[in-house]
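Notes to accompany the following structure.
The values are calculated or read from the model by the stated rules, or taken from the named source; none is laboratory data. Nothing here was measured: the structure is a model prediction, and the numbers come from that model. No Cβ is skipped: glycine too gets one built from the backbone with ideal geometry, and neighbour counts run over all protein chains shown. Protein only, heavy atoms only, side chains kept; ligands, DNA and RNA dropped before computing areas. Shrake-Rupley method; radii C 1.70, N 1.55, O 1.52, S 1.80 Å.
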Amino acid sequence: DVPSMGYKVLHVVAGEKPFASDLKAGGLTLENAALKVTVDPQTGCITSLYDKKTQFEVPALRWADLGDGRHGFSLINNSKYGYDDKDNVLRISLLRSPTWPDPEADRGHQHFTYALYPHAGDWQQALTVRHGYEYNYTLHAQQVEAHTGSLPAQHSYATVMPENVVLTA
């Protein structure tokens, strides 16, 4: 009696026109004329998104990290995705204000939050990915009236090990 969670079906039919692509995939990188993406082999996280046109690097969603492998800090945020670093300075873009496709984008009142997370080791050892998820998807408790049921007073539906694995839904 579990209700459906929804789905989407995509049917792809090969076109008649040939499709040309400059996409190259090798090892842990994907690259075309505009971008180069590097993925961490242990976590699957995008560790580098390099825009070849602007020569800016956008490290990640939810967080970015600056460190030397022994220590560093992560800049964690709840809604911004543009980062760059230069000369040991990590910057976050708060507003883009594009005019296309939405001429009203980033206009009016803006609200954002961020956290600075200093750490020892690198971002993997510091569990920055987990902290980014925790910052963006906070757990909200809800009190309910006492009622009967078949479950015990304490119950766990999921356990995740090791601690660098993040369970999302």
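Things worth noting here:
- Count - residues of the range 130-168 that are in contact (Cβ under 8 Å) with a residue 40 or more places away in the chain and of a type in the set (A, V, I, L, M): 0
- All strands (runs of 3 or more DSSP E) inside the range 11-108 with 1 or more residues being more than 22 Å from the chain's Cα centre (by Cα) and without any contact (Cβ under 8 Å) to a residue 60 or more places away in the chain: 24-26
- Against the list (1) at pLDDT 75 or above; (2) loosely packed, with under 15 Cβ neighbours inside 10 Å; (3) of a type in the set (F, W, Y), the condition Y7 fails is (1).
- Residue check for L127: surrounded by 10 or more Cβ atoms within 10 Å (Cβ to Cβ) and touching a residue at least 24 places away in the same chain (Cβ under 8 Å): yes
- Conditions (1) at pLDDT 80 or above; (2) closer than 26 Å to W123 by Cβ; (3) surrounded by 10 or more Cβ atoms within 10 Å (Cβ to Cβ): number failed by D68: (3)
- Within the range 79-102, the presence of a residue that is more than 14 Å from V129 (Cα to Cα), aromatic (F, W, Y), open to solvent by 100 Å² or more (accessible area, probe 1.4 Å) and modelled with pLDDT of 80 or more is excluded.
- Residues that are farther than 15 Å from D65 by Cα, outside any loop (DSSP other than H, G, I, E, B) and charged (D, E, K, R) within the range 125-151 comprise just one, E134.
- Residue within the range 91-98 that is within 24 Å of Y50 (Cβ to Cβ) and touching a Gly at 6+ places or on another chain (Cβ under 6 Å) present: yes
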